[in-house]
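Below: one structure, written as structure tokens.
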Amino acid sequence: MIALLAILTVGATWFAYQRASPPAPATPYNVLLISLDTVRQDSLGSHGRHPRHAADLSPSPALDRLASEGVSMIDAYASSSWTLPSHISMLTGETPLVHAVETEANSLDGSIPTMAEILSRHGYRTYGFYTAPYVGPQWGFARGFDAYDAVYPASVAAAARRSVAIRNEVERVAAERNWRGYDELKREEVAINRVLNENSEVAITSDQIGDAVVSRLRTLAREDGPWFVFAHFFDAHCDYVPPPPFDTRFDPNYVGSVTGRGCLAGPEIGYQDPDRLDRLVRTIGERDLEHVVALYEGEVAWVDSHVERILLALDELGLADDTLVIVTSDHGEEFFEHGGIGHRHTLYEEVARVPLLLRLPGVLPAGARIAGAVAVSDILPTVLELIGSKEEVGSGSSSLVGLIRGSTEAQQRSAMSRVVMMFGGTVQVDGTREVLLRQIVVQDVFVQGAIKISRKRSWPQFDARVEPSLQPVLAAEAAAQFRREDLAWIDLARHPGEAEDQYSRDFSDARARAVLDAFRREYRESLTKRKSRRASPLPQNARDALERLGYSDSDVGAAFPEPDVVLPLPGES
């Protein structure tokens, strides 16, 4: 059985993007982009949320008001089901298949401009605030910002600074091929990143993000020229520990023992399904699970209360009429709808569908609900069109303005999502020999209209240094598993719950075949633009497995070279 292990941060280098400054935009509206980490679309009152144990309350009153004042894209999709690749898409307009930042071991290619870089060249002042390790500068997020600040409690901030510093030192030592020093630094990096991830999940930071953004807005209001502010809220992510009164607001009468801590790991919640890497065997009871969801709703409400402070500050400072406000999320969250908890395991609707709200008074309609598949990668080209820029960005994205104004048919729009997972473990060969492996799982999803197509492949990568007599056998097994593709489609209008038996593997339906053809065209086009990956050779889960078997970090590249996670076109062998 392959053990499911936690994947921790492995950074990579990034390079500055430079281009001649373009002409100033015709309408330099300010831009405020707010990312609500781990907020699923159906958690908002404006999207129909009625908490089970507090049906008269909305978890998102501020965002509900924002939706009434602007546009709601009701078929918006994240580009992946976890933070790093989805935020890269959000800030570059590129899909994961193009930008290639799909595991912790990869960072943004220097040839891809970010929103901050582009707006900076247009004369914008640019400021970013973030509260999670996977939006840290080591993956390229800081490029183009005048200031890009981590908003953490002091203990977490220290770990974050050390994480960035040690990543730079690791890269320097690796370039010098000083493998002895590399091993020592990597061990420290593993330890500090484990602390950083665990502490950031427990930390409560929305109030600090609100303070930082409002303070920056007050300064910007006294200055001339347009600005771009990016604000990342992390508190809706596990642990589910909202502060009072949000901890009891949506389940005031609960008397059980579930707390929402520990990202719901442990036998009282569920245990790994031996036959499915993306699933748990559920042990938590229904009433306790309802309380977990109520705690999550409390987190959403806590975050919403600080988004409200920012929106009120725009009004108070006289900035609201000239500011394009965009609120979205990088992914949702699973609560055993399909056998899982959390995210980064699947691309079902509960983790893929996200809120996307846009407000620009006098330019965008108020209270509009716009259908049609769109993605967070569409945000950057939308911003550029609304500020009057002619710059073209994002080979896998397009502006939402035409769709909002009715000049583009909703059925013509599409969204593509992708998640790459790697699980470390061992396998017995001939009943006697234990061989280290990592199982690679890649899922692509394509949505157009009501049709959603999912395809998945999973295959093992074995230790490249196994004895020669075993290599042909293992290579044949890996190739056989790689060739097995699970390609299926569903009509979401008829089957919004996505039960497994509602998916079809028969593509004789004309609608499904047409969407599959569109999927293949977009996939083929994306492959022609895919960037090279700058990578550490192994994500942390398989590195941990190596260490348990006595390998050192300097062995890693030889044992597990970076795998190719690009699949053939959907439906091809």
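Does the stretch 117-164 hold any residues that are under 20 Å from the mean Cα position of the chain (by Cα) and more than 27 Å from ILE204 (Cβ to Cβ), and which are they?
GLY140, ARG143
If I filter the stretch 186-193 for residues that are modelled with pLDDT of 75 or more, surrounded by fewer than 23 Cβ atoms within 10 Å (Cβ to Cβ) and in a helix (DSSP H, G or I), do I get at least one hit?
yes
Condition check ((1) in the same structural domain as TRP489 (by TED's automatic domain parsing); (2) more than 30 Å from VAL292 (Cβ to Cβ); (3) of a type outside the set (A, V, I, L, M)) across all residues:
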| position | (1), (2), (3) |
| --- | --- |
| ALA352 | no, no, no |
| LEU357 | no, no, no |
| PRO365 | no, yes, yes |
| ARG369 | no, no, yes |
| ILE387 | no, yes, no |
| GLU392 | no, yes, yes |
| GLY396 | no, yes, yes |
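Cβ-Cβ under 6 Å, sequence separation 6+ or interchain: first residue in the stretch 285-304 and aromatic (Phe, Trp, Tyr), partner in a helix (DSSP H, G or I). Which pairs?
Sorted first by the residue in the stretch 285-304, then by its partner, the pairs are TRP302/SER206.
Condition first: in contact (Cβ under 8 Å) with a residue 24 or more places away in the chain, in contact with a helix residue (DSSP H, G or I) (Cβ under 9 Å, 6 or more places away or on another chain) and among the small types (Gly, Ala, Ser). Now tell me which residues in the stretch 388-437 satisfy that.
SER389, GLY394, SER395, GLY396, SER397, ALA410, SER414, ALA415, SER417, GLY424, GLY425 - these are the residues of the stretch 388-437 that are in contact (Cβ under 8 Å) with a residue 24 or more places away in the chain, in contact with a helix residue (DSSP H, G or I) (Cβ under 9 Å, 6 or more places away or on another chain) and among the small types (Gly, Ala, Ser).
Would you be able to say whether some residue in the stretch 239-247 is out of contact with any Asp or Glu (no Cβ under 8 Å at 6 or more places or on another chain), among the acidic types (Asp, Glu) and at pLDDT 95 or above?
yes
Can you name the condition, by its number, that LYS456 falls short on among (1) in contact with a helix residue (DSSP H, G or I) (Cβ under 9 Å, 6 or more places away or on another chain); (2) within 23 Å of GLU104 (Cα to Cα); (3) modelled with pLDDT of 90 or more; (4) basic (Lys, Arg)?
Single failed check for LYS456: (1).
Could you run through the stretch 329-384 and say how many residues are in contact (Cβ under 8 Å) with a residue 40 or more places away in the chain, of a type in the set (Asp, Glu) and more than 21 Å from SER526 (Cβ to Cβ)?
Qualifying residue count for the region: 4.
Hey, could you check the stretch 271-287 for residues that are among the acidic types (Asp, Glu) and surrounded by 15 or more Cβ atoms within 10 Å (Cβ to Cβ) and say which is modelled with the lowest pLDDT?
ASP278
The values are calculated or read from the model by the stated rules, or taken from the named source; none is laboratory data. What you are looking at is a predicted structure, and each value in this text was computed from that prediction instead of being measured. Every residue, glycine as well, gets a Cβ built from its backbone with ideal geometry; the counts of neighbours run over all protein chains shown.
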